[in-house]
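One structure is given here, and the rest of the page talks about it.
The values are calculated or read from the model by the stated rules, or taken from the named source; none is laboratory data. Just so it is clear, the structure is predicted and the values come from calculations on it, not from any experiment. We place every Cβ from the backbone using ideal geometry, glycine too, and count neighbours over all the protein chains shown. Side chains included, ligands, DNA and RNA excluded: accessible areas come from the protein's heavy atoms. Shrake-Rupley method; radii C 1.70, N 1.55, O 1.52, S 1.80 Å.
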Amino acid sequence: MIATGVLDDLAATVGGHAQEAGSQDGVAGVPARWVAAPGSAEEASALLHTAAGLGLTVVPRGRGTALGWGSPPRSADLLVSTERMDRMVEHNPGDLVCVVEAGATIDAMNEQLAQHRQQLALDQPLPGATIGGTVSTTRSGPRRLLYGTPRDQVLGVTMVRPDGTVATAGSKVVKNVAGYDLAKLLGGAYGTLGLICRLVVRLHPLPRARMWLRAWYTDAETAAAAALRAAGSQLAPSAVEIRRTVSAAGADVFVLLEGTRTGIDGRSRQALELLAGATETTDIDPEDGDRLGVLQAGPEDTLVKVAVPLPGVAAVLHTVQAAESRYGVPCHLQGSAGAGVLHVVVQARERPDAVARTVTDLRRAAVGGSAVVLQAPAPVRTLVDAWGPVNGLALMRRVKDEFDPDHRFAPGRFVGGI
Amino acid sequence: MTTHPTGPVPAEVTGHDTAGSVQELARRCRALLGDEAVITDEARRRTYECDGLAAYTVVPALVVLAADTNIVREVVAHCHELGVPFVARGSGTGLSGGALPHAEGVLIVTSRMREILDVDPRAQRAVVQPGVINLDVTAAAAPHGYYYAPDPSSQQICSIGGNVAENSGGAHCLKYGFTTNHVLSVQMVAPDGALTRLGTTAPDAPGYDLLGAVVGSEGTLGIVTEATVRLTRAPEAVVTLLAGFRSTDDAGTAVSAIIGAGVVPAAIEMMDRLSIEAAEKAVACGYPAGAGAVLVVELDGPAAEVETQVGEVREHCDAAGAFEIRQAVDDAQRALIWKGRKSAFAAVGRISPDYIVQDGVIPRTALPEVLRRIDALARDNGVRVANVFHAGDGNLHPLVLFDGSEEGATERAEDVSGQILRLCLEHGGSITGEHGVGADKAAYMPQMFSDDDLDTMQLVRCAFDPRYLSNPGKVFPTPRLCGERPGRRSGTHPLQDAGVAEIF
Amino acid sequence: MTAGNGPGADVFAPPPGERAFDDQHPPRQDLLDDCVHCGFCLTTCPTYVLWGEEMDSPRGRIHLVEQGAHGAPMSDSLVTHIDRCLGCMACVTSCPSGVQYDHILEPTRAQIERRYERDPGDRLLREAIFAMFPYPRRLRALRLPLLAYQRSGLQRLLRRSGVLQRLSPTLATMEAVAPPVQHARPAPSFVPAQGARRAVVGMLTGCVQREFFPHVNAATSRVLAAEGCDVVIPPTQQCCGALSMHTGRRAEAQRFARALVDAFEGSGVEYAVVNSAGCGSSMKEYAELLQDDPAYADRAAAFADRVRDVTEVLVELGPVAPRHPVPLAVAYHDACHLAHAQGVRTPPRELLDQIPGLELREINEAAVCCGSAGVWNLLNPEPANELGDRKAGNVLRTGADLLVTANPGCLLQISSALRRADKQVPTAHTVQVLDASIAGRGPESLLPA
């Protein structure tokens, strides 16, 4: 069979690690044909070169935790799995930098790094994720307030272009301004420009002591104001989270302090003053605190990431409450009030129109920011544009044309149908 | 060095003869701006022939002093139409010739676009024009308890537009990151004259992170006409320590111990004997007498944490053999400590008739080894090298001192300077940590990157500037011919050719 | 990066035409070579602050002079941009490479004055100004009509109408900065020390200071005497030549300098004390000014060595006279010729700080000139107004009760800008505040009734 010929061609490039796709291998409902797992950038290059020759559409895949994010691709002939590229290539503790392959999970990395009292300071909204996937979808959690997002941690990248060309940008040092920062461009590109094979990331020392504080407010607006105070304070919190559960009138504010034991004692007292107006303030089990960053979206829920300038957090809270009462859709809101990035989970799969209206309202509330539908059931997707308005779209199309002139990489998954 | 790397753009790249078009451009600019802001007079144009790197000079064919975004947009649109190259320039303080003019192009100067449009402490943002001086952003934010974190040594004179172009860092980027970590959104004029906004006032704007590509692209992707920058809350406590050591080895040991202990200072700067001598002559900073090296360590954050860290840092410095540790207790003392460091480059002019400022990066742990090798290089070539560097992140600024009037001295100095860069690359570092590639280091790019790497970067260039008009000749040693699409296929789908399509 | 006279220098190819500079003290190449083009001077340069263009920055001016030094002709561009320099020397303070811009500017200006043909209007204006200012007697003659004019109410009328502004900006500036005329009593030639004598000092009375601010001179001699100085005031002294020197009128400046050296010679003073920043800075330069004059070179150098700003002498001697409280918030303005040209920043602050109850406030953008700059405000009235307004705004933002500085020109310039803004901040010279404190006259004596 000629189809078998394709598989053979693909398999030949990756030491046999290619197979026909199974029913579980779809991308947001779009079936794939083949799955191949290169073990190195060289194999990936050969694989993608072959795929280019065959004109296959390609979707990169890590552990698949966010494969459903973004718009469904128009086609996904070949899934390129990074599972065999999962090594930590280099780690010199004194330099606070490590080189890691894209398929390594952040859990595995941090387990190794912890032996040196270091960490890759990225939260995992979707546990078990790879570093490559986390970068490609630019995921972040509570500690982004202090440490930033993947964008701030990645120092260098080795990628394979859609035509199979291997390219490296950045370097293995913290400070470098030679050449264009391609790592930034690939971060959050959802695999539409090429395959990330290897990353250089900066590390941080593990804090010696940490403390999560929780304050419960009976109304959401007071909570938002308290969060804003904490974020604008000199406490240097590592996280200022806000959580408003389904149908609640009030909200929780969580503050993470990291540092030394003595330092945190003093800072927590100051934090309690800043959190004034709370009905109840307490410190919580750090492990519970850390779990705050895990997204609480079921497979049929709609997950919206809303980014706003800090004073806009209150408006988003208000919008969520209004949507609940107006459209009757249960909404869960959680996110970094300190950074202005919130996740709203709309739990109403049987009411796609109401969900769509909620998304529209959130988008309207996100003045100066954005509201992106990360995940949604198909009926919702047909009603809303997942990405919303995007600045610089014309230039983005030109970038896509340069990197992937045939539009074979995750076509249609990204903004503006890119 | 009468030759320079940015000669006329080859006609095959621009597809245009630029020389004749400049006259027309000048005419249009005059109509747009009046005579005063369009400089054609030879003597005046010549004052723009270089930026902070005086080794390369090119007299621009035309200089335009832009007053606002619209003027930049119109001038660039005319350039696009007439095929005239343009180079943007802010304060002209860059150290890699990034704003070196083009002999047949126009220099678009943004130093008059210096309005701070908005300061919003609640949103922790400021909106500024590109000509605004870095330190003025901090001055505007300070009354609200905020500051603008990126602090290049030239912060009192360099412009935000230039900072964005070069992705400027500074002493405090060890803890706080570079310009790219502090710019949320820009309004820019793309090389075809289209006014575009990249990013949003909020973080995580959807779409490609074009902003991330533009910051640090050294003016090759267009001209930024407005930037929304992040303001950082002023720390509760700041302590600056100045520690004197017998040698750079001792000081290096202290740095390793501090980092190894998990302390992240806001800055750790090292200066060696020669650079201390120069700074002392220039600004009488009163560093510890007889020091072979000094460390400037700044710790900031909540008072309760800083206090603990100061104790630890002092212990590590003591253990590494510091013979004197001073702690700045007020802003005036802190300013004096920093003054020595921040004036160090220009100050070596006091101890040497000529010098080359180098900028390279190595993994921090390679510091002792690389310093020894630089020492040996200097000895073997009969030049002196003063070292100033951001010790926390391995960013070296060796200053190669020489006397240009001495036979062959210039060549030897340039050779040593180049070998230092190779040393950085040998250790897995970079040819520039903050000064940029510009005109100066384009030739070194192939030593750090493969042809494929450079080709891939230039895909971005082709997307933004297919006609190669925006600051041509900088960053990349050879232009990529845009529109060349290797692997691009048209016609029947390859799967169809292979027969696969029929089967399914 | 290569700096200095290394590889960068070759690019100056001498263009055709007559060279800008001849051999009589052209700007020195070694001083030009000190500039490494770092740009640290830009933001403290008042004209760069105003116009944001390279040619009107110290770095750009040095570049223009460098072109001239390499054989370029005396172009209108060179002259225009050198003319526009205020000579405030803020760049000298901010330069990490130690470029002696003052020693580049003055020879360049002298070459321009000798070799450049100015247009008739400009020439006439300059002649008129220099026929007046350096001559106390002529200034005195001007005082009477000015007094009549001010008293008649015509001044208020004219200021409100703005008609002068439209007719001649220079005249308008001259009118606007003209101080309220005071009755001047001739200064005594000797004021004895109070208590034990600690020093014998000579005092310069100056031109503008003598005619328009005689009370500053009186306060100076009182404070010096109170601190144990015999104060000698040579009666034959005339102008120090500062205005001429700073505008390139070298021969004229040399004439004044010789006369002043003569006037102080034989007076037996340890210091020649100056209370006007511009005068002090030029008197400290007499050695260079008269270096080619065999009859004066050594004497001028010896004289220059003894020149001190009044605040320098007072700090050097240390306070003996008791200070009484002056409970005022005081904004101290650094006169450029004191702070930048002479590097005297700490002594005046130290002296003010010694006064009980006095709160010293710093002015934002302190390094940037107020726009007075000798006669620059008369030659460049519009930009001078802009700089004055900027300074006045910064002064107002301090919220101080009193503005203190050490130069008559600054006081006139800033007061005039404040008037334009319909604001008032009382002004005083540093020694007047000290005088009030030592005499125990209280703050009222410094504030308008």
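Considering only residues that are among the hydrophobic types (A, V, I, L, M, F, W, C) and within 7 Å of chain B (Cβ to nearest Cβ), which ones fall in the range A:154-179? Residues satisfying the conditions are A:Val166, A:Ala167, A:Ala169, A:Val173, A:Val174, A:Val177, A:Ala178. For B:Val264, the conditions (1) over 24 Å from the mean Cα position of the chain (by Cα); (2) open to solvent by 30 Å² or more (accessible area, probe 1.4 Å) all hold with the exception of (1). Kindly establish whether A:Gly15 is in a loop (DSSP other than H, G, I, E, B) and open to solvent by 30 Å² or more (accessible area, probe 1.4 Å). Taking the combined requirement at face value, the residue satisfies it. Can you tell me how many residues in the range B:281-295 are open to solvent by 60 Å² or more (accessible area, probe 1.4 Å) and either under 25 Å from B:Cys173 (Cβ atoms) or of a type in the set (D, E, K, R) (or both)? Here the count works out to 1. The residues of the range A:302-313 that are of a type in the set (A, V, I, L, M) and within 11 Å of another protein chain (Cβ to nearest Cβ), listed by number, are A:Val306, A:Ala307, A:Val308, A:Leu310, A:Val313. Going by the conditions given, is A:Thr262 open to solvent by 20 Å² or more (accessible area, probe 1.4 Å), of a type in the set (S, T, N, Q) and in contact with a Phe, Trp or Tyr (Cβ under 6 Å, 6 or more places away or on another chain)? Here the answer is no, as A:Thr262 does not meet what is asked.
Hey, can you tell me all the residues within the range B:67-100 that are at the interface with chain C (Cβ under 10 Å from one of its Cβ atoms) and open to solvent by less than 10 Å² (accessible area, probe 1.4 Å)? Result: B:Arg89, B:Ser91, B:Gly92, B:Ser96, B:Gly97. If the condition is being within 17 Å of C:Cys279 (Cα to Cα), in a helix (DSSP H, G or I) and not charged (D, E, K, R), then the range C:183-217 contributes C:Val208, C:Gln209, C:Phe212, C:Pro214, C:Val216, C:Asn217.
Quick check: is even one residue across the range A:184-204 in a helix (DSSP H, G or I), of a type outside the set (A, V, I, L, M, F, W, C) and either within 8 Å of chain B (Cβ to nearest Cβ) or closer than 30 Å to A:Ala46 by Cα (or both)? Yes, the range A:184-204 has at least one match. Any idea which residue in the range B:181-212 is nearest to B:Val84 (Cα to Cα), counting only those that are at the interface with another protein chain (Cβ under 7 Å from one of its Cβ atoms) and assigned to a helix (DSSP H, G or I)? Taking the candidates together, the pick is B:Leu210. Within the range B:220-261, the set of residues being open to solvent by less than 10 Å² (accessible area, probe 1.4 Å), assigned to a loop (DSSP other than H, G, I, E, B) and under 21 Å from B:Thr138 (Cβ atoms) comprises B:Leu231 only.
Can you tell me which residue is farthest from the other protein chains (Cβ to nearest Cβ) among those in the range B:124-163 that are among the β-branched types (Val, Ile, Thr) and open to solvent by 10 Å² or more (accessible area, probe 1.4 Å)?
First pass over the range B:124-163, keeping only residues among the β-branched types (Val, Ile, Thr): B:127-128, B:132-133, B:137-138, B:157, B:160.
When the remaining residues are screened for being open to solvent by 10 Å² or more (accessible area, probe 1.4 Å), the result is B:127, B:133, B:138.
Values: B:Val127: 11, B:Ile133: 6, B:Thr138: 13 Å.
Ranking the qualifying residues of the range B:124-163, first place goes to B:Thr138.
Scanning the range C:379-399 turns up one or more residues that are touching a strand residue (DSSP E or B) at 6+ places or on another chain (Cβ under 8 Å), surrounded by fewer than 22 Cβ atoms within 10 Å (Cβ to Cβ) and not aromatic (Phe, Trp, Tyr). Of the residues making up the range B:416-436, those that are more than 7 Å from chain A (Cβ to nearest Cβ), buried (at least 20 other Cβ atoms within 10 Å of the Cβ) and either assigned to a helix (DSSP H, G or I) or acidic (Asp, Glu) (or both) are B:Val416, B:Ser417, B:Ile420, B:Leu421, B:Leu423, B:Cys424.
Looking only at the range B:40-66, residues that are free of Cβ contacts under 8 Å to residues at least 60 places away in the same chain, facing chain C (nearest Cβ under 8 Å), within 27 Å of the chain's Cα centre (by Cα) and within 15 Å of C:Gln67 (Cβ to Cβ) come to 7 in all. Among what's in the range B:353-366 and is out of contact with any Asp or Glu (no Cβ under 6 Å at 6 or more places or on another chain), within 14 Å of chain C (Cβ to nearest Cβ) and in a loop (DSSP other than H, G, I, E, B), pick the residue that is farthest from B:Ile259 (Cα to Cα). Checked the range B:353-366; the qualifying residue farthest from B:Ile259 (Cα to Cα) is B:Gln358. No other residue among B:Ala463, B:Ala439 is in a helix (DSSP H, G or I) and surrounded by 19 or more Cβ atoms within 10 Å (Cβ to Cβ) apart from B:Ala463.
Applying the set (1) within 11 Å of another protein chain (Cβ to nearest Cβ); (2) open to solvent by 10 Å² or more (accessible area, probe 1.4 Å) to B:Glu104 leaves exactly one unmet item: (1).
Restricting attention to the range B:110-137, the residues that are outside any strand (DSSP E or B) and free of Cβ contacts under 8 Å to residues at least 12 places away in the same chain total 1. Helices (runs of 4 or more DSSP H) fully within the range B:296-352 that include at least 1 residues being surrounded by fewer than 18 Cβ atoms within 10 Å (Cβ to Cβ) and hydrophobic (A, V, I, L, M, F, W, C): B:303-319, B:331-342. Note on the range B:339-352: among residues that are small (Gly, Ala, Ser) and in contact with a Lys or Arg (Cβ under 9 Å, 6 or more places away or on another chain), the one that is farthest from the other protein chains (Cβ to nearest Cβ) is B:Ser352. Close Cβ contacts (under 6 Å, 6 or more residues apart or on different chains) running from residues in the range A:121-146 that are open to solvent by less than 10 Å² (accessible area, probe 1.4 Å) to residues that are aromatic (Phe, Trp, Tyr) comprise A:Ala121/A:Tyr147. The set of residues in the range C:282-341 that are open to solvent by 30 Å² or more (accessible area, probe 1.4 Å) and in contact with a Pro (Cβ under 8 Å, 6 or more places away or on another chain) comprises C:Glu312, C:Val315, C:Arg323, C:His324, C:Pro325, C:Pro327.
Could you give every pair whose Cβ atoms fall below 6 Å, whose first residue belongs to the range B:395-413 and is on the phi > 0 side of the Ramachandran plot, and whose second residue is open to solvent by less than 10 Å² (accessible area, probe 1.4 Å), counting only separations of at least 6 or pairs across chains? As it stands, the answer is none, since no pair meets every condition given. Any chance you could count how many residues in the range C:238-268 are among the polar types (S, T, N, Q) and within 11 Å of C:Gly202 (Cα to Cα)? So the count comes out to 1.
Open to solvent by less than 10 Å² (accessible area, probe 1.4 Å), closer than 17 Å to A:Asp404 by Cβ and at pLDDT 95 or above: is that true of B:Leu469 in this structure? It is false that B:Leu469 is open to solvent by less than 10 Å² (accessible area, probe 1.4 Å), closer than 17 Å to A:Asp404 by Cβ and at pLDDT 95 or above.
Rundown of residues vs (1) more than 12 Å from C:His333 (Cβ to Cβ); (2) charged (D, E, K, R), yes/no style:
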| position | (1), (2) |
| --- | --- |
| C:Cys369 | no, no |
| C:Asn380 | yes, no |
| C:Asp389 | yes, yes |
| C:Val404 | no, no |
| C:Leu411 | no, no |
| C:Ser415 | no, no |
| C:Arg419 | yes, yes |
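Being modelled with pLDDT of 95 or more and in contact with an Asp or Glu (Cβ under 7 Å, 6 or more places away or on another chain) is true for just one of A:Gly156, A:Gly170, A:Gly194, A:Gly179. Which residue is that? Please lay out each step first, then the result.
On the way: A:Gly156 fails: in contact with an Asp or Glu (Cβ under 7 Å, 6 or more places away or on another chain); A:Gly194 fails: in contact with an Asp or Glu (Cβ under 7 Å, 6 or more places away or on another chain); A:Gly179 fails: in contact with an Asp or Glu (Cβ under 7 Å, 6 or more places away or on another chain).
Residue meeting the stated conditions: A:Gly170.
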